[in-house]
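The values are calculated or read from the model by the stated rules, or taken from the named source; none is laboratory data. Just so it is clear, the model here is predicted, and its values are computed rather than measured. All Cβ positions, even for glycine, are placed from backbone atoms using ideal geometry, and neighbour counts span all protein chains on display.
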Amino acid sequence: MPGWLVSGKRDLVARSTTEVALVVEGREASTAFPPIEIGPPAPKPEPVMVEIKPEPLPFKAGEPLSMMALVARPASIPGVVSWTIETRAHRCGGVQAGLAYDPRGRVLATYDSCAIRLWDTSTGDLIRILGYCSPREVTSVASSPDSEFLAAGAYEAVHVWQVNTGRLVKTLQSGATSLAWSPDGRLLRTIVRLPDQQYAVISPEGQYRGSPGVEKELVYVVQTDRGQETLTPEEFSKKYGWKNDPQKAGKGMLNAEC
């Protein structure tokens, strides 16, 4: 077993699995330790299979695939709901806004303000292009634990596609700047990144949880018949009797029953 060395005046040299020599400013003192038994690595858990019941398509025949589609009024083609023309490479500024690998490392998703592109990591070939359904650009993408679905968050909504078919299966009317699936594959959480490594997880119903002190970074925007008002969490709770439940934050957005 090769040794390792930490440089400096106090150097720790591992000579074997049973003996460690501590070197202090050139003086050496040997200390014996019991042998360390290293067992086989723990087996990786099998990915949870995610099941999502597809929703009807959000557009009708003849409508564009998205507001960013190059073909704004696609001609009618039998058996085709909608279609467009795209470039193989990213065309919006030529630089993708972000990327994400699937858990198996087989597919790389890159995205910009025009579309999401899926690439085969072993060959570099373009697999498919997923057109947006939101009027504004995607801010984050995340692959499900079983690599079967890809979620894309925008400021207005979250869209979920089935990777092997390219079918849009779910649209959640809740914006997101960052996405993450839970390890069991039953939750899709909306995460808002804040300065100083703070974050907040917000549910569609308005429950939130986050890093310590995150409530100082959040405000409530309230619409009434008189107009809009901006309130701190404490003010909102006191005025309208709202009680935030952190345990409900991020739950129920997307699960096997959807």
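Answer with yes or no whether Ile77 is at pLDDT below 80, at negative phi and not assigned by TED's automatic domain parsing to the domain that holds Leu168. The answer is no for Ile77. When Tyr101, Tyr132, Tyr155 are screened for being hydroxyl-bearing (Ser, Thr, Tyr), in contact with a strand residue (DSSP E or B) (Cβ under 9 Å, 6 or more places away or on another chain), at pLDDT below 85 and loosely packed, with under 15 Cβ neighbours inside 10 Å, only Tyr155 passes.
Would you check if there is a residue in region 172-180 being at pLDDT 85 or above and not in a strand (DSSP E or B)? First the steps, then the outcome.
Step one: list which residues in region 172-180 are at pLDDT 85 or above, which gives none.
No, region 172-180 has no match at all.
A search for C-beta distances below 7 Å between a residue of region 225-236 that is touching a residue at least 40 places away in the same chain (Cβ under 8 Å) and any residue that is of a type in the set (A, V, I, L, M) and not in a strand (DSSP E or B), counting only pairs 6+ apart in sequence or on different chains, returns nothing. In region 110-123 there is at least one residue matching the filter, namely being of a type in the set (A, V, I, L, M, F, W, C), over 30 Å from Pro246 (Cβ atoms), within 17 Å of the chain's Cα centre (by Cα) and at pLDDT 90 or above. Pick from Gly185, Gly166: which is surrounded by 13 or more Cβ atoms within 10 Å (Cβ to Cβ), under 19 Å from Val141 (Cα atoms), at pLDDT below 80 and not aromatic (Phe, Trp, Tyr)? When all the criteria are applied, what remains is Gly185. Here Val71 meets each of (1) surrounded by 13 or more Cβ atoms within 10 Å (Cβ to Cβ); (2) closer than 28 Å to Ser144 by Cβ; (3) modelled with pLDDT of 85 or more; (4) not polar (S, T, N, Q) with one exception, condition (2).
Under the condition of being part of a loop (DSSP other than H, G, I, E, B), modelled with pLDDT of 80 or more and either among the basic types (Lys, Arg) or under 18 Å from Glu156 (Cα atoms) (or both), the residues counted in region 191-206 number 1. Report yes if Lys248 is at pLDDT 90 or above and basic (Lys, Arg), otherwise no. Spelling it out, it is not the case that Lys248 is at pLDDT 90 or above and basic (Lys, Arg).
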